[in-house]
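Structure in structure tokens, see below.
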Amino acid sequence: MQYTVEMMSKVLGVSSSGFYKWLKINPKIAAAKALVKKQVATIFKKSGNSYGSPRIALEMNKHGKHISKSTISRIMNSLNIQARPKRKFIHTTNSDHQFEIPDNKLNRNFNVETINTVWVSDITYIRVASHWMYLTVIIDLADRMVVGWTLSNNMTAKDTIINAFEKAVKQRGLTRDHNLMFHSDRGVQYACNEFRDLIQSYNCIQSMSRKGNCWDNAVSESFFKTIKTEKLDKYIFNNNKTLKTFIFNYIDGWYNTVRIHTSLNGRSPLDKHFELIKKLAA
């Protein structure tokens, strides 16, 4: 039987407002609230001050603490902490070339349940001292894991996407039997004959975004917004070696292995990867 506040107040001989006041100052309740606050602050700090209330709620849920996003949001406000907003998309693609442009075969179908079925890729720039470095990533849509990446001081296909693709092939054990779809924007690095010949040698199907439509490659774009918002924008890099180590630690030590992804229902890419492997083995 459940008792209403009015019934409990009558039994205790106090007013409803007095009963509510007692609840607020009850030592056990106060201690529980303090513990939740501490946990929220700890998760926020471990995320590099990047998690908002949805991801913090998911993280606490994983450990048996079922607290709503709105409650987490109020706690964050009381602690004066908030996640940094992500950047807007910035157009960086050089599509002014004469190479053939494949159709957008992916067509924003980002929900994939088998690894090595669809890879997506993009390139962005990062300031280092007085020059630019270029980060190329390849992401498997099934587990959202960065399966290949490279950092270069130029935008040639050889040093950007070809290097990253060869690393992804080695890491994922890609063969011609996978019939992989490879999606990117219309950048010259992806459209050139050198890269096209490479992916065709693995029997890949090439897909490209529509002109000027960054949302067709939203997963790759989102990764760059995330890494810049959560980490890169907070630091000044004086040399290439420091930046490369920083990116390695972020991708392999955080993004792929620990970071919660809302698109994966609160799991990390590594957790999702093992789940998909188990399904294949079943």
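Bear in mind that the values in this text are calculations on the coordinates, not laboratory data. Everything quoted here is computed from the prediction, not taken from an experiment. Methodologically, a virtual Cβ is constructed for each residue, glycine included, from the backbone with ideal geometry; neighbour enumeration extends over all protein chains shown.
In whole Hz, what ³J(HN,Hα) sequence does region 180-196 give by Karplus (6.51, -1.76, 1.60; θ = phi - 60°), x for Gly and Pro?
Values per residue, Gly and Pro as x: 5, 9, 10, 10, 7, 7, 8, x, 4, 4, 7, 8, 5, 4, 4, 6, 4 Hz.
Starting with the fewest neighbours, write out Val146, Val219, Val258 ranked by other beta-carbon atoms found within 10 Å of each beta-carbon.
Val258, Val219, Val146
Could you rank the peptides 238-251, 199-212, 220-233 by their average count of other C-beta atoms within 10 Å per residue, with the highest value first?
Final packing ranking: 220-233, 199-212, 238-251.
How far apart, in nanometres, would the label points at Ile101 and Lys170 be if each is projected 7 angstrom from Cα along the Cα-to-Cβ direction?
Result for the modelled spin labels: 3.4 nm.
Report for region 118-281 the percent antiparallel among DSSP-assigned beta bridges with both residues inside it, nearest 5.
Taking every DSSP beta bridge within region 118-281, about 70 percent pair in antiparallel fashion.
Roughly speaking, what is the stretch gain from Thr262 to Asn203, that is 0.36 nm per residue apart minus the C-alpha to C-alpha distance, in nm to one decimal?
Additional length available on full extension: 18.1 nm.
List, in the order given, every pair from Lys158/Lys234; Lys65/Lys272; Lys225/Lys272; Lys231/Lys272 whose Cα-Cα distance in the structure shown is over 25 Å.
Over 25 Å Cα-Cα: Lys158/Lys234.
Estimate the FRET efficiency between Ser70 and Ala34 by the formula 1/(1 + (r/R0)^6), using the beta-carbon distance for r and 22 Å for R0, to the nearest 0.05.
Here the calculated transfer efficiency is 0.70.
So what does log10 I(q)/I(0) come out to for region 118-281 at q = 0.11, 0.20 Å⁻¹, using the Debye formula with one equal point on every Cα and no solvent?
These q points yield log10 I(q)/I(0) values of -0.44, -1.45.
Suppose every Lys and Arg Cβ carries +1 and every Asp and Glu Cβ carries -1, with no other charges. What dipole size does region 144-282 come out with about its Cα centre, to the nearest 20 debye?
In debye, rounded to 20, region 144-282 gives about 220.
A further question on this structure: What order, most packed first, do the peptides 147-154, 100-107 have when packing is the mean number of other Cβ atoms within 10 Å of each residue?
147-154, 100-107
Which residues does the label zone of Arg127 cover in region 227-267, counting backbone N under 20 Å from a point 7 Å along Cα→Cβ?
It comes to 227-247, nothing else.
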